[in-house]
Structures are given as C-alpha cells and as structure tokens.
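Every number in this text was worked out from the coordinates using simple rules, so none of it is lab data. This is a predicted model, so every value here is computed, not measured.
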C-alpha cells in the first residue's frame, strides 16, 4: 500500500487551473497535469477544495457558468 502524500499549495492551484482549463474533464486533467493520480483522487480533492472555499465568480466564466446548486447555496447563505 502506498503512503499518502500531502497536496502542496502549488498542486492545489494547479488542480483548480486544470479544472478551469479542461472544463472538468477528469481524464484529460489527469493525462495532462497529474499523471500519477487517479481520476477519483483528483475529483475528491477538487470537490473538497471547492466545499472549503466561498463561491467566487471567475472572470473567465462570468454569470453564464454558474450552476443552479451554486445559486441555491448563495440563497441559503443570504437567508
């Protein structure tokens, strides 16, 4: 069994950027940026990071790419 290694801040930023660049296509993200990781590892890490951070509009995405779940989350936060 392989020992766990911690993600560095740089790797976390690289994952966020790869997700934005490849629109969540996990196999492409793995093949181009994280060859040693599984798709499951990448997804789990990304969604863990996303849960821990507030929803922020990205300049590249704008309002058109906001998911319904994000809007619902914002509405609950404002109640």
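Test of understanding: what is the full-extension gain from residue 22 to residue 10, defined as 0.36 nm times their sequence separation minus their Cα-Cα distance?
Result for the pair: 2.5 nm of gain on full extension.
Averaging the inverse of every distinct alpha carbon separation and then flipping it gives the Kirkwood radius. What is it for the range 1-49, in angstrom units?
After inverting the pairwise mean of 1/r, the radius is 10.9 Å.
Provide the gained length on full extension for the span residue 40 to residue 71, in nm with one decimal, where the gain is 0.36 nm per separating residue minus the Cα-Cα distance. If you can, show how the numbers build up before the last one.
Working: separation 31, 0.36 × 31 = 11.16 nm, distance 2.59 nm.
Going from the current span to full extension adds 8.6 nm.
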